[in-house]
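Heads up, the thing below is written out as structure tokens.
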Amino acid sequence: MIEADDLRKTFTVYRRAGRLRRERRLVTAVDGVSFAVGPGEMVGYIGPNGAGKSTTIKMLTGILVPSSGKVSVAGLAPARRRTELARRIGVVFGNRSLLWWDLPLRDSFELLRHIYRVPAAQYRGRLAELGELLDLGPFMDTPVRQLSLGQRMRGELTAALLHAPKVLFLDEPTVGLDIVSKARVRDFLAELNRERGVTVLLTTHDLSDIERLCPRMVIIDHGKVLYDGGTVEIAARFGGERTLVVDLAESRPPLRLARGSVVRTDGPRQWIKFRSDETTAATLIAAVSEQAQLVDLSIEEPSIEEVVRRVYTGEAVPA
Amino acid sequence: MAERLAQLTTYRWLAGASIRARAQYRLTFALDFAAQFVAGLSDFLAILVIFHHLPQLGGWSLPEVAFLYGMAGISFALTDLWIGQLDTLGQMIRLGTFDVFLVRPLGSLFQVVASELQLKRLAKAGQAAAVLAYALANLHIAWSPARILMVAVAIGSGAAIFSGVWIAGSAISFWTTDVQEIVNSFTYGGSFLTSYPINIFGAWTRRLLAFVVPMAFVAYYPSLFILGKPDAVIGQPALAFASPLIAGLTLLAAAAVWRSGVRHYRSTGS
Amino acid sequence: MRAYWETAVRGYRRYATYRGATFAGAFTNTVFGVMRGYVLLALLEARPHVGGYDASDALTYVWLTQAMIMITYLWGWNELALRIVSGDVAVDLSRPIDFQGYWLAGDLGRALFHAIFRGIPPFLLGGLLFALHIPIDPRRWLAFIASLVLATVLSFSLRFIVNLSAFWLLDYRGILNVTTLTWTFLAGFVIPLNFLPEGPRAVLEALPFAGILQVPIDVFLGKRLGLDLLGALVFQAAWAAALLLAGRLLLAAAVRRLVVQGG
């Protein structure tokens, strides 16, 4: 369904050097990316900010023309057959809207029906189905500018799927969403892939999105693919690791704990790494309280930046 | 043919949506409409004041200049009505709206143009039409079928020439979004220029307007033909008949510039 | 006092970052200067003296208006309205500095930037292309600069009032457009006020808008001398003071409304 073969994209960036001159710099955003996604697969495309994710998506959807390399989506070359491809794909952007700002949500769908030339009966059916799955009923007639982010995202998903595309690209769709909305979106995507066989490429820098949805993930950093394989292995290695950040009443030498290790201290604050399959946060907190007076605490989930760093440095990437 | 009809339907829906969106801000729409009228009136008042001191400007009487102004004004207002939103292309690119266009199964220029139908421009069209009516009432034109036809042809070609200039000029945003305002010199500048008889402008300006940016074909040559005036500058009034051809060429050139711009945008990002 | 200075500097710097737009704007100013110049030249070639202007005066008037359009920001200044709509104005209101003074200082900083980069270049080009009437007497230049500063303050006082409408109408754009286009003509941008027939001319010359363009230009051209010059500056200052006061009253009303509504 999606085939990228040694995909490259280089930009010329100009920077002002002094009053009148400009200096040129070549930035390679995508540096030889190759992967293939079969029909009906759900793949996560993850990397830190600036890794080249958005640039890849733009090349896959026809917005950008690659500097070199081959790419094919739904059997078409995106750069050359943009309008044809547009009928077969759906795209959801995290920071750009597919909807019409001042008009009721319903109107946006109606307009898209005309843009994509969806036959009336099919449109009604799709809208009913998606409307129910995403629970759009209550706000179908609300102007998009008045919707909450979660509601708007559900609208965007509907907008992208009205014309029954075979491939769905999602570029950071859960950014800024609250937990409830995120869960809703994830459930919907899972069902879409499972029941309808829509091929999904999900770009994100939120690891938990991928853990819950994508059996396969591709890690990209500095324009290169670092890892292309099962999510389970990565999750097992890194996903279970969390950090408990405790603020003690006073500075102390690092605590000694059975199931967690202090990786960093800064005055009264200590960072304790632990694995969720070995202990729970609650147990650990209790253990800390036995040794010292606890003033405040928070829990950090593993960040993609850290996962990437560790994969990059070759730390136990499973075969 | 069916394709064209479908496109027209799509255009109708998209443009209609923009009208509905604007209609929500009734006060602003009413005031914008009034503002357009005031602007047009100001321009014509300047001409009236000039003629307060003179019987003729560059060999043209007040009703004759009013005729020119009216023809050019209607052409320009119609153009602004349907593609004025090209001025926001820079903003569309910066905000990423243009990328959304690229992901849809429609041409990019079509989508930019269809994104809005600026009804407030009808105020300027109405004002220009009123001036034209005044001109026609005060001129003794020897009407012939050719001249009557020329009125319609001139307005249509004029709008097409303005459109071409607007499209080609706006495409500059694909290379750099900062200098959008330069296009105003061509579009609004063109509107100003075409309202006056071309012979009052400097020699090189006249040549520029006849051969490079063909504004002279918007209202000047057609008016020479209709009014039966000799051309004080270059060529013949019969050049008026070249207007549709010039309009077609301008649009073709503009489409090429636009395509080139989109190609550049798609290879360098933003 | 220091705070006002810093605000002015910041005003200057903010606009200095828009290099491309500044160049494009200056280019457009020049193009329009050429076109409007030719129109008035056509008039004055047929009638050598109109409204006390000769051809050189009229051309200078055209190029000065093009230079001054951005200095006085005659068209579409909406910075304050934007901050009101977004709610950020609350931050400005809570500062220990006078609100109107703060905005005026920023505007003067901006005006200086525009004077240098959008005012001088087109005017210089105009001077190369046409025979302009440029004063040699340094006192005339001083008088002009004083008049120009007053014109900017006067224009600010009007813009301030119009922007405040955003407190009442969330959608201020319509009011902004109408007022902008109306006072463009009334200030003498489209045609010099002294070209108008007697009746309308007398009315428009009494209105504050005349103080934005027509008065400073007449000072530059040496049409207002001696006591008349004093009269011109007093005219500008008086209107500016009156409108600034009106602005303050309007602001007070807006703030009261804000407090009551808890916006």
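Looking at the protein assembly as shown, send over the antiparallel percent of its DSSP beta bridges, to the nearest 5.
If I count the DSSP bridges inside the protein assembly as shown, around 70 percent turn out antiparallel.
Might you tell me the accessible area per residue for segment C:91-185, computed with a 1.4 Å probe and given in Å²?
Spelled out: the 1.4 Å probe surface of segment C:91-185, per residue, equals 43 Å².
With the solvent-accessible surface defined on protein heavy atoms using a 1.4 Å probe, which residues belonging to segment C:22-42 display a reduction of at least 40 Å² in accessible area in the multichain context relative to the isolated chain?
The answer is C:Ala24, C:Phe27, C:Thr28, C:Phe32, C:Met35, C:Tyr38, C:Val39, C:Ala42 - residues whose exposure falls by at least 40 Å² when every protein chain is included.
Can you put A:Lys70, C:Lys223 in order of accessible area, largest first, using a 1.4 Å probe?
Of A:Lys70, C:Lys223, the descending order of accessible area is A:Lys70, C:Lys223.
Pop out a list of residues from segment C:170-209 that are at least 30 Å² less accessible with all the protein chains around than in their chain alone; 1.4 Å probe, no ligands or nucleic acids counted.
C:Asp171, C:Arg173, C:Gly174, C:Asn177, C:Val178, C:Leu181, C:Phe185, C:Val190, C:Ile191, C:Phe195, C:Pro197
Using only the Cα atoms of segment B:117-270, what are the Rg and Dmax in Å?
Spelled out, the Cα radius of gyration and Dmax of segment B:117-270 are 17.1, 58 Å.
Which of these, C:Gly52, C:Gly188, C:Gly211, has the largest mean-square fluctuation under a Gaussian network model of chain C (Cα springs below 10 Å)?
C:Gly52
Output needed: percent of Cα pairs per 10 Å distance bin for chain A, bins running from 0 to the one holding the longest distance.
Computed distribution, short to long bins: 5, 22, 27, 22, 15, 7, 1, 0.
Among C:Thr22, C:Ala241, C:Trp103, whose Cα lies farthest out toward the positive end of the dipole of chain C, if unit charges sit on the beta carbon of Lys, Arg (+1) and Asp, Glu (-1)?
C:Trp103
Out of the GluC sites (Glu not before Pro) in segment A:173-257, which ones are loop residues according to DSSP with at most 16 other C-beta atoms within 10 Å?
A:Glu250
Within segment A:22-181, what whole-number % of the accessible surface is contributed by carbon and sulfur, with the 1.4 Å probe and all protein chains included in the calculation?
Within segment A:22-181, the accessible surface is 50 percent carbon and sulfur.
I need the shape label for segment B:1-71. Rule: rounded when a/c is under 1.5, else prolate if a/b > b/c, else oblate, with a, b, c from the alpha carbon gyration tensor.
oblate
Assign one of three labels to chain B, namely rounded, prolate or oblate, based on the Cα gyration tensor with a ≥ b ≥ c the square roots of its eigenvalues; rounded applies when a/c is under 1.5, prolate when it is not and a/b is larger than b/c, and oblate otherwise.
Prolate shape, in that a/c is at least 1.5 and a/b is the bigger ratio.
Rounded to two decimals, what is the ratio between the C-alpha radius of gyration of chain C and 2.2 N^0.38 Å?
This ratio for chain C stands at 1.04.
Just checking the output field for A:60-72: average partner chain Cβ neighbours within 10 Å of each residue's Cβ?
3
Determine the per residue accessible area of segment B:117-270 with all protein chains present and a 1.4 angstrom probe, expressed in square angstrom.
Normalised by residue count, the accessible surface of segment B:117-270 is 40 Å².
What shape does segment A:86-203 take by its C-alpha gyration tensor, where a ≥ b ≥ c are the square roots of the eigenvalues and a/c under 1.5 counts as rounded, a/b above b/c as prolate, and the rest as oblate?
The shape class here is rounded.
Report, in cubic angstrom per residue, the convex hull volume of the C-alpha atoms of the protein assembly as shown.
Cα convex hull per residue, to the nearest whole number: 210 Å³.
Could you tell me the total accessible area buried at the C-B interface, probe 1.4 Å, in square angstrom to the nearest hundred?
Looking at C and B, the buried total is near 3000 Å².
Return the residues of segment A:112-127 for which accessible area with all protein chains present is lower than in the chain on its own by 20 Å² or more; set the probe to 1.4 Å and exclude ligands, DNA and RNA.
SASA drop of 20 Å² or more in segment A:112-127: A:His114, A:Ile115, A:Tyr116, A:Arg117.
Which one, A:Tyr14, A:Met59, A:Asn49, is farthest towards the positive end of the dipole of segment A:5-72 when Lys and Arg carry +1 and Asp and Glu -1 on their Cβ?
After comparing all options, I get A:Tyr14.
Just list whichever of A:Lys182/A:Lys273; A:Lys58/A:Lys224; A:Lys182/A:Lys224; A:Lys9/A:Lys53; A:Lys58/A:Lys182 have alpha carbons separated by over 20 Å in the model shown.
In this structure, A:Lys182/A:Lys273; A:Lys182/A:Lys224; A:Lys58/A:Lys182 lie more than 20 Å apart at Cα.
For segment B:1-156, what's the radius of gyration and Dmax over Cα atoms, in angstrom?
19.4, 58
If you average the alpha carbon positions of segment A:55-117 and of segment C:109-147, how far apart do those two centres end up, in angstrom?
Using only Cα atoms, the two centres lie 52 Å from each other.
Could you work out Rg/(2.2 N^0.38 Å) for segment A:169-319, with Rg from alpha carbons only?
Segment A:169-319 yields a ratio of 1.23.
For the charge dipole of chain A, defined by +1 on Lys and Arg C-beta atoms and -1 on Asp and Glu C-beta atoms about the Cα centroid, which residue among A:Leu202, A:Gly150, A:Leu99 has the Cα displaced farthest towards the positive pole?
Comparing the listed Cα positions along the dipole, A:Leu99 ranks first.
Summing -39500 (n - 2.57) over the DSSP H runs of n ≥ 4 in the protein assembly as shown and dividing by its residue number, what mean residue ellipticity at 222 nm do you reach, to the nearest 500 deg cm²/dmol?
Using -39500 (n - 2.57) per qualifying helix, the result is -18500 deg cm²/dmol.
In Å², nearest 100, what accessible area do chains B and A bury in total when the solvent probe is 1.4 Å?
Looking at B and A, the buried total is near 2600 Å².
Accessible area per residue, 1.4 Å probe, Å², for segment A:1-103: what's the number?
47 Å²
Treat every Asp and Glu Cβ in segment A:52-120 as -1 and every Lys and Arg Cβ as +1, leave all other atoms uncharged, and give the resulting dipole magnitude about the Cα centre to the nearest 20 debye.
It works out to roughly 360 debye.
For chain B, with a Gaussian network of springs between Cα atoms less than 10 Å apart, report the residue from B:Ala39, B:Ala254, B:Ala125 with the top mean-square fluctuation.
Looking only at B:Ala39, B:Ala254, B:Ala125, the largest GNM fluctuation is found for B:Ala39.
Taking only the alpha carbons of segment B:130-219, what extent do you get along each of the three principal axes, in Å, biggest first?
Its Cα atoms span 49, 26, 24 Å along the three principal axes.
Within segment B:131-209, report the chymotrypsin sites (Phe, Trp or Tyr not before Pro) that DSSP leaves as loop and that have at most 16 other Cβ atoms within 10 Å.
Sparse-neighbourhood loop chymotrypsin sites (Phe, Trp or Tyr not before Pro): B:Trp143, B:Trp175.
The values are calculated or read from the model by the stated rules, or taken from the named source; none is laboratory data. Nothing here was measured: the structure is a model prediction, and the numbers come from that model. All Cβ positions, glycine included, derive from the backbone under ideal geometry; neighbour counts span all protein chains shown. Ligands, DNA and RNA are stripped out before the accessible areas are found, and what is left, the full protein with its side chains, is counted by its heavy atoms. Shrake-Rupley method; radii C 1.70, N 1.55, O 1.52, S 1.80 Å.
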